[in-house]
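The values are calculated or read from the model by the stated rules, or taken from the named source; none is laboratory data. Predicted, not measured: the structure shown is a model, and the values here were computed from it. FYI the Cβ positions are ideal-geometry reconstructions off the backbone, even for glycines, and counts take in every protein chain you see. Keep in mind that these areas ignore ligands, DNA and RNA; they rest on the heavy atoms of the full protein, side chains included. Shrake-Rupley method; radii C 1.70, N 1.55, O 1.52, S 1.80 Å.
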Amino acid sequence: MSLNPNASDELKNAFADQELAIGDRRELQARALADPDLRRELCEISAIKGLVRDAYEDSARSGDARRTGDRRRTGRAAAMRFAAVAVLCVSTGWVAHATWTRGSPGEFGQATVAASAVPAQPDSLAWLSRNRVALPLAASHERVLLHVSTRDPEDLRSALDAAESLMAKASRDEPDLQVEIVANSAGIDLFRAGVSPEADRIAALVARYPSLRLIACQQSMDRVRERGESVVLLPGVDVVPTALDEIIARLHKGWVYVRT
Amino acid sequence: MNLHIPFLPSYGLRARLDEHRPSMVRVAFSWCHDRALAEDLVQDALVKALGQAGSLRDATKLKAWLFVILGNCFRDHLRRRRPHEDIDALDEEVLSGGLRPDDAHEQAEVVRRVRAAIASLPLGQRQTVTLVDLEGFGYAEVAGILDIPVGTVMSRLSRGRQALRALLLETAAENTEPALRSVK
């Protein structure tokens, strides 16, 4: 089926919801690569979907049992996305923002390659549609921020896989590549001594790739301490006041943002 | 809150229903923005599901079937409370009671704004958007749950998200000023 040259709003939404047949999907992807306005509209739909999800993230819990901290966490998650949306959709340089699913190091490697070639490769947008990633089109793709906000072991491994893949690529082909892993909320466990399931791997990564930067959110650490738990970070982990500020600052400097 | 179900035809079924309870509460809350009401609606829906378990012919469609029942419970609730009033108008009344000033102070401002934007949508658009975005239902599944054509699902999504875009991205633009700070 050949799409109407002026894709309807229904079709744009169907694209974002992955409801289009493969042929129509590819056609719209190709069109989006040549049409900044269409890209922006698809980006906005995807961003709105994310905002709605975040706003009800913890609403399944009982009201009585729901703690203020939980509300703050949901608010923080939504605020981060809100900030990202603001940067993403208000500025003109953003190309896409979609849903991240766990990927292998190989997949992330492909993503990096695709990100560098977004304008020329229609398939890159297909990859983006499966992954939560924000790419500043005009900026360098030599700086990547990986964001971890859950304690799901698969998420933690996924972030480290991605970082390792990128750093390996940097050592081979892109010596200027900068990579940061920022952990907040429950993701702070990734960097906690005596808690992190990946402590040995992190130590090996830091030793092998000194330029890899690991960052913990002070605010999240404070919340853990409020519960009476001590927080000791692994060697080599830096602290910032809030992950949100770090992410926004990096986005404004043109970093690629990926949330696991 | 634990379920207190008087008649349990199958422990396995009950366990499977319970797995879907958080999703149902989340969606019910997004429809009515009243936590106690959402819990009650889900409780009603799960009890009805247990009583009607024999009518579920395809076990793979359990989740969609549960949301059909939840949707019916919500509409029944709206009709019961004010049988002579317009359902959509009544629904807005329920919503206005759900977003209390106290909640607004306790919740993050952004979450409040997003929820308020969702609450401002007409009921049909609100249900469609939340079923797709919160639970990832496909268009055909949503059509089945709400008993509407797929084309209506698409038009409701389009109109609903256009309204959300106007409300939320304008807000986002107001909050774009970056708070850059140096990293330790």
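Rounded to the nearest 100 Å², what is the sum over both chains of accessible area buried where A meets B, with a probe of 1.4 Å?
3900
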* Can you give the extra length, in nm with one decimal, that the chain gains between A:A207 and A:D9 once fully stretched, where that is 0.36 nm per residue apart less the Cα-Cα distance? -> 66.2 nm
* Asked: What accessible surface, in Å², does a 1.4 Å probe find on A:D222, ignoring ligands, DNA and RNA and rounding to the nearest 10?
  -> 70
* Asked: How crowded by other chains is B:153-163, given as the mean number of beta carbons from other chains within 10 Å of each beta carbon?
  -> 5
* To do: Indicate, rounded to the nearest 5 percent, the antiparallel portion of the DSSP beta bridges found entirely in region A:164-239.
  => 10
